[in-house]
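Here's the structure, in structure tokens; my notes come after.
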Amino acid sequence: MINIPKPLLYVSAFSTVIGGAYLFKESITGKSYKIRTSAANKIIIITGANTGIGKEAARLLAIKNATVIMACRDLDKCEKSRTELALQSRNKRLYCRKCDLSSQESIKEFANTFKKEFNKLDVLVNNAGVMRCKKSTTKDGIETHLGVNHIGHFLLTNLLLDYLKKSAPSRVINITTRQHKSSQINKTDLNSDTSYDEETAYNQSKLANLMFTAKLADVLKDTGVTVNAVYPGICTTDLSRHLPYYNSVTRFIIKPLAWLFMKSPSKGSQTIVHASIDPELENVTGQFLSNFEEVSMPIQVKDKKTVDWLWKVSEKWTKLEEEKK
């Protein structure tokens, strides 16, 4: 009988547990996307590309030879991530550019700078966002969830529409969630001036992303520019940094469990890459994609009056008509 040393047995048991955990995680967090399509000669903007699923999408698209503009609020963090991604992908065509979605002035400066540097835009990925933060407003006085997650991307997209149109076929990808059963657009208190709840404000902003997707797809019909929303799944990213458990004692229990059941940023980013470059989606527009498949839009998006109302308010709050003159 072979006498195996106890330390070796412990190491073997630990390795088995870890290996099993990884296999379990892979089995429940969805399939992976086999990226066969090249992104060579494509110019792609990704907001919030210095961390999380935005960073992973930038990495995968850079590997596929795309030119990626990383539109980020914090340029120091962006440059650190850009250097890392350039080394991993062996692609030097990654660029950091300042774009603070809580500032309409910053968004306008980003759009103007982009137009001076590049002559086309193939894909715009509206990824950056905030979740469950304390009550605050953007530099333009808009509630932060609505201002960053919706209004900021609404303005950015509209400022770049001329480039998207002349680059057609081109695509707009809006990142959102699927938790919309109780979500609504509060017409009487859209800016949460009267009352504020972190979850309600976040849900409203993500429902607004879907309404924006549906309306913009209709506006851009027959232009060659497609607009789709993507739900990447529940991922382990810094987006959850404002949740109650994130900085509490319970994080030592919850975070390992979250890691086991939640998608990695890499896997979460794959539906974004699929929506950005897959040839099968070239003529697909106004859809909601999850795990590489089309899913139903929530019933609220079928309320055309509210969708149109939100668009008009968004135009007013961004002074979009003045920008077009």
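Quick grid of which residues meet (1) buried (at least 16 other Cβ atoms within 10 Å of the Cβ); (2) modelled with pLDDT under 95:
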{"site": "219", "(1), (2)": "no, no"}
{"site": "230", "(1), (2)": "yes, no"}
{"site": "236", "(1), (2)": "yes, yes"}
{"site": "242", "(1), (2)": "no, yes"}
{"site": "246", "(1), (2)": "no, yes"}
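If you go through the stretch 29-41 one residue at a time, do you hit one that is at pLDDT 95 or above, under 30 Å from residue 145 (Cα atoms) and either surrounded by 15 or more Cβ atoms within 10 Å (Cβ to Cβ) or of a type outside the set (Val, Ile, Thr) (or both)? Scanning the stretch 29-41 turns up no residue that is at pLDDT 95 or above, under 30 Å from residue 145 (Cα atoms) and either surrounded by 15 or more Cβ atoms within 10 Å (Cβ to Cβ) or of a type outside the set (Val, Ile, Thr) (or both). Could you grab me the full set of residues in the stretch 44-74 that are of a type in the set (Val, Ile, Thr) and surrounded by fewer than 23 Cβ atoms within 10 Å (Cβ to Cβ)? Hits for the stretch 44-74 are 51, 63, 67.
Cβ-Cβ distances below 7 Å connect no pair with a first residue in the stretch 175-189 that is within 18 Å of residue 287 (Cβ to Cβ) and small (Gly, Ala, Ser), a second residue that is surrounded by fewer than 19 Cβ atoms within 10 Å (Cβ to Cβ) and modelled with pLDDT of 95 or more, and a separation of six or more residues or different chains.
The sole residue among 13, 49, 62, 21 that is of a type outside the set (Phe, Trp, Tyr), assigned to a helix (DSSP H, G or I) and either modelled with pLDDT of 95 or more or within 19 Å of residue 231 (Cβ to Cβ) (or both) is 62. Just so you know, in the stretch 162-191 the residues that are part of a helix (DSSP H, G or I) and under 27 Å from residue 56 (Cβ atoms) include one that is farthest from the chain's Cα centre (by Cα), and it is 163.
Has the stretch 192-199 got at least one residue that is buried (at least 20 other Cβ atoms within 10 Å of the Cβ), β-branched (Val, Ile, Thr) and not in a strand (DSSP E or B)? Within the stretch 192-199 (the criterion being buried (at least 20 other Cβ atoms within 10 Å of the Cβ), β-branched (Val, Ile, Thr) and not in a strand (DSSP E or B)), the answer is no, since none of the residues qualifies.
Look at the stretch 312-323: where a residue is touching a residue at least 12 places away in the same chain (Cβ under 8 Å) and surrounded by 17 or more Cβ atoms within 10 Å (Cβ to Cβ) and a partner is among the β-branched types (Val, Ile, Thr) and assigned to a helix (DSSP H, G or I), sitting 6+ places away or on another chain with Cβ atoms under 9 Å, you get 314/151; 317/151; 318/107; 318/151.
Scanning the stretch 112-135 for residues that are closer than 19 Å to residue 209 by Cβ and surrounded by 20 or more Cβ atoms within 10 Å (Cβ to Cβ) gives 123, 124, 125, 126, 127, 128, 129, 130, 131. Can you find even one residue in the stretch 84-96 that is among the hydroxyl-bearing types (Ser, Thr, Tyr) and under 20 Å from residue 56 (Cβ atoms)? Yes, that holds for at least one residue.
Residue-wise test of (1) part of a helix (DSSP H, G or I); (2) out of contact with any Leu (no Cβ under 6 Å at 6 or more places or on another chain).
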position: 276; (1), (2): yes, yes
position: 280; (1), (2): yes, yes
position: 283; (1), (2): no, yes
position: 289; (1), (2): no, yes
position: 301; (1), (2): yes, no
position: 305; (1), (2): yes, yes
position: 308; (1), (2): yes, yes
position: 317; (1), (2): yes, yes
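In the set (1) in contact with a Leu (Cβ under 8 Å, 6 or more places away or on another chain); (2) surrounded by fewer than 21 Cβ atoms within 10 Å (Cβ to Cβ), the condition left unmet by residue 99 is number (2).
The values are calculated or read from the model by the stated rules, or taken from the named source; none is laboratory data. Everything numeric here is computed off the predicted structure, so don't read it as measured data. Because the Cβ atoms are built from the backbone with ideal geometry, glycine has one as well, and the counts that use them run over all protein chains shown.
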